[in-house]
1. Once both labels are modelled 7 Å past Cα along the beta-carbon direction, what's the GLU257-ARG275 spacing in nm?
2. Once a ≥ b ≥ c are taken as the square roots of the eigenvalues of the Cα gyration tensor of the range 187-285, is the result rounded (a/c under 1.5), prolate (a/b larger than b/c) or oblate (a/b not larger than b/c)?
3. Could you work out what % of the accessible surface of the range 3-59 is carbon and sulfur, using a 1.4 angstrom probe and leaving DNA, RNA and ligands out of the count?
4. What FRET efficiency do you get for LEU227 and LEU163 if R0 is 25 Å and r is their Cβ-Cβ distance, rounded to the nearest 0.05?
5. Compute the length gained on full extension between THR239 and LYS217: take 0.36 nm times their separation in residues and subtract their Cα-Cα distance, giving the result in nm to one decimal.
6. Rounded to the nearest 500 deg cm²/dmol, what is the calculated helix-only ellipticity per residue at 222 nm for the chain, with -39500 (n - 2.57) per DSSP H run of length n ≥ 4?
7. Dipole of the range 171-285, Cα-centred, from +1 at each Lys and Arg C-beta and -1 at each Asp and Glu C-beta, to the nearest 20 debye?
8. Tell me which residues come under 5 Å, amide H to amide H, from LEU143 once H is placed; ignore anything under 5 positions away on its chain.
Amino acid sequence: MVTGRALHFVFKVAERKLTVKFYREILGMKVLRHEEFTEGCEAACNGPYANRWSKTMIGYGPEDTSFVIELTYNYGVSHYETGNDFQGITIRSKEIIKRAKFNDWPIREEDGKYVLEAPGGYKYYIIDEPQPVDQDPIHKITLSSSNLKRTVEYWKNVLEMTLVEKKDKTAIFEYGKNQAKLEFIDIGTKVDHAKAYGRIAFAVPNAEQAIIRKKIKDTNNKILTDLISLDTPGKATVTVIILADPDDHEICFVDEEGFRELSKPDYQSEEILERFIKKEEDKTL
């Protein structure tokens, strides 16, 4: 049995300074850790790029208890073409609505929710309720499906997520009741990931990675990167396996034990991030 824990969603961002401003000043998140890398990730964490890159983890609370956002920045890449694969992230927080209006950040109403767009065009759906303090404000992550029946088969029967709601065109999954949920919407056409494609990550006990690997092979599904150890300079090493679902949504399963060490908050990272943003700006002046 897979006992996963929802961790984060990875976005490739081209405008790092404006993006960080949006997540901190509009969404009200805090930088939890920031890491700089001199070459591309062996598990393609930064996409198909062999260049220098950075990773910024940002969220409402420590990664041990909160679903967070990973902002991946590739130096020298100024634009990413977006597809139809990512639908949005839903957050409960009327405070976000107030901050957006106060800061003149574009916001609109749609089907009873407020919609904001992060730099790069990534949508956030805001529920007009007080931001909860006893649970994660991030309610769900919504992705596209070209065939909902096939999607449900994969996420329910192969990855063993709990199917908590199923309608004609939507399905919602979770690994735990207090975790952020994963929703799929059947868009009735092929899912296009383009260049900006993201990745969702889960933690599982180390022993379960081999179980997942076997299930993927037994069902002839895709492994993009087989079990591999990844180093972060000065921090813990983690083991990951990277999969792709039937619509090629990328999925990372990282070992829980290593990740808890790696993901300890480093609140000095905020200053480190600001320093690297300024260094890059100074070079372009």
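The values are calculated or read from the model by the stated rules, or taken from the named source; none is laboratory data. Only a predicted model underlies this, so the values are computations on that prediction, with no experimental measurement involved. Positions of Cβ are generated from backbone atoms using ideal geometry, with glycine treated the same way; all protein chains shown enter the neighbour counts. For the accessible areas, the whole protein counts, side chains as well, though only heavy atoms, and no ligand, DNA or RNA atoms are used. Shrake-Rupley method; radii C 1.70, N 1.55, O 1.52, S 1.80 Å.
1. My value for the distance between the label points is 3.3 nm.
2. Details: a/c = 3.05, a/b = 1.41, b/c = 2.17.
In terms of gyration-tensor shape, oblate.
3. Working: 1010 of 1910 Å².
So the carbon and sulfur contribution to the accessible surface is 53 percent.
4. On the way: r = 27 Å, r/R0 = 1.08.
Efficiency for this residue pair is about 0.40.
5. On the way: separation 22, 0.36 × 22 = 7.92 nm, distance 1.83 nm.
So the chain would gain 6.1 nm between THR239 and LYS217.
6. -5500 deg cm²/dmol
7. Values: 17 positive and 23 negative charges, 42 e Å.
Computed about the Cα centre, the dipole is about 200 debye.
8. Sorted by chain and number, the residues that satisfy this are GLN87, GLU183, PHE184, ILE185.
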